[in-house]
Amino acid sequence: MTGGLYDPENIALETSLGYYLSKAKQALVERMDRALEPLDLTAQQIGVILLLSRGYARTPFELSRKMSYDSGSMTRMLDRLERKGLIARARSEQDRRMIELTLTDRGIEAARALPSLVATVLNAQLEGFSADELATLTGLLQRFIANGPGSTGCPKPDEPDC
């Protein structure tokens with residue numbers, strides 16, 4: 001026995017929390033991707049649009065940090081969003097070494113449409129849940145994330161890093 005909640009002698013895929021977290025993410029991403037098709041976005045890309053639109057990030061580095069992406073993955077995502085006409089890159093006027101990101105008119109339109117679309121998708125995925133159950137689930141997941149390697153604890157729920 002490890003002294004934890006799981007016994008290595010009796011662990012099974014079907015009862016593993018990792019299995020259920022993976023399946024939950026997959027279900028939500030599939031539903032979100034279908035809903036985002038008219039905006040030519042994916043679930044993975046909406047974080048960039050929302051962070052830029054709300055002023056939480058303005059450079060590729062800031063986006064990488066907030067979204068926990070390595071710089072190569074972020075560059076590829078930004079390339080796709082730029083090709084789709086949703087973002088623009090420009091050299092910083094204050095520091096020519098830095099690239100600053102802005103939403104294009106099309107990106108601004110997408111950012112305006114996202115809150116309603118995301119709420120609809122989340123509400124569909126949470127059908128049958130009570131407000132108390134959602135609060136419990138969210139709180140438990142915040143605790144789970146706070147136990148992660150390198151974590152100093154989950155920020156307040158209204159902060160974009162959580």
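Once segment 131-162 is narrowed to residues that are surrounded by fewer than 13 Cβ atoms within 10 Å (Cβ to Cβ), over 18 Å from MET32 (Cβ atoms) and of a type in the set (S, T, N, Q), the residue that is modelled with the lowest pLDDT is THR152.
Being of a type in the set (S, T, N, Q) and more than 23 Å from LYS25 (Cβ to Cβ), is that true of even one residue in segment 61-70?
From segment 61-70, those of a type in the set (S, T, N, Q) are 64, 68; that's our starting set.
From what's left, more than 23 Å from LYS25 (Cβ to Cβ): none.
Looking for residues that are of a type in the set (S, T, N, Q) and more than 23 Å from LYS25 (Cβ to Cβ), one finds none in segment 61-70, hence no.
Of all the criteria given as (1) more than 24 Å from ARG112 (Cα to Cα); (2) of a type in the set (Lys, Arg); (3) not in a helix (DSSP H, G or I), the one not satisfied by ARG58 is (1). Only one of the numbered conditions (1) closer than 12 Å to LEU114 by Cα; (2) touching a residue at least 40 places away in the same chain (Cβ under 8 Å) is violated by LEU52, and that is (1).
Residues in segment 69-91 that are touching a Lys or Arg at 6+ places or on another chain (Cβ under 9 Å) and part of a loop (DSSP other than H, G, I, E, B) were compared, and the one that is surrounded by the fewest Cβ atoms within 10 Å (Cβ to Cβ) is GLY85.
Closer than 20 Å to LYS25 by Cβ, at pLDDT 95 or above and either hydroxyl-bearing (Ser, Thr, Tyr) or not in a strand (DSSP E or B) (or both): is that true of LEU51 in this structure? Talk me through it step by step, then tell me what you get.
Details: closer than 20 Å to LYS25 by Cβ: yes; at pLDDT 95 or above: yes; either hydroxyl-bearing (Ser, Thr, Tyr) or not in a strand (DSSP E or B) (or both): yes.
In short, yes.
Scanning segment 46-67 for residues that are closer than 12 Å to LEU103 by Cβ and crowded, with 20+ Cβ neighbours inside 10 Å yields VAL48, ILE49, LEU52, ALA57.
Out of the residues in segment 12-45 that are hydrophobic (A, V, I, L, M, F, W, C) and exposed (fewer than 11 other Cβ atoms within 10 Å of the Cβ), which is nearest to ALA119 (Cα to Cα)?
Here is the first cut: in segment 12-45, the residues hydrophobic (A, V, I, L, M, F, W, C) are 12-13, 17, 21, 24, 27-29, 32, 35-36, 39, 41, 43.
Then drop every residue that is not exposed (fewer than 11 other Cβ atoms within 10 Å of the Cβ), which leaves 12-13, 17.
Working: ALA12: 34, LEU13: 31, LEU17: 25 Å.
Among residues in segment 12-45 that are hydrophobic (A, V, I, L, M, F, W, C) and exposed (fewer than 11 other Cβ atoms within 10 Å of the Cβ), the one nearest to ALA119 (Cα to Cα) is LEU17.
Taking the stated definitions as given, is THR42 at pLDDT 95 or above, under 17 Å from the mean Cα position of the chain (by Cα) and over 26 Å from THR120 (Cα atoms)? Please lay out each step first, then the result.
On the way: at pLDDT 95 or above: yes; under 17 Å from the mean Cα position of the chain (by Cα): yes; over 26 Å from THR120 (Cα atoms): no.
No; evaluated as a whole, the condition is false for this residue.
Within segment 94-130, the set of residues being crowded, with 16+ Cβ neighbours inside 10 Å and in a helix (DSSP H, G or I) comprises GLY107, ALA110, ALA111, LEU114, LEU117, VAL118, VAL121.
The values are calculated or read from the model by the stated rules, or taken from the named source; none is laboratory data. Remember, predicted model here, so these are calculated numbers, not experimental data. With ideal geometry, Cβ positions are generated from the backbone for all residues, glycine too; neighbour counts draw on all protein chains shown.
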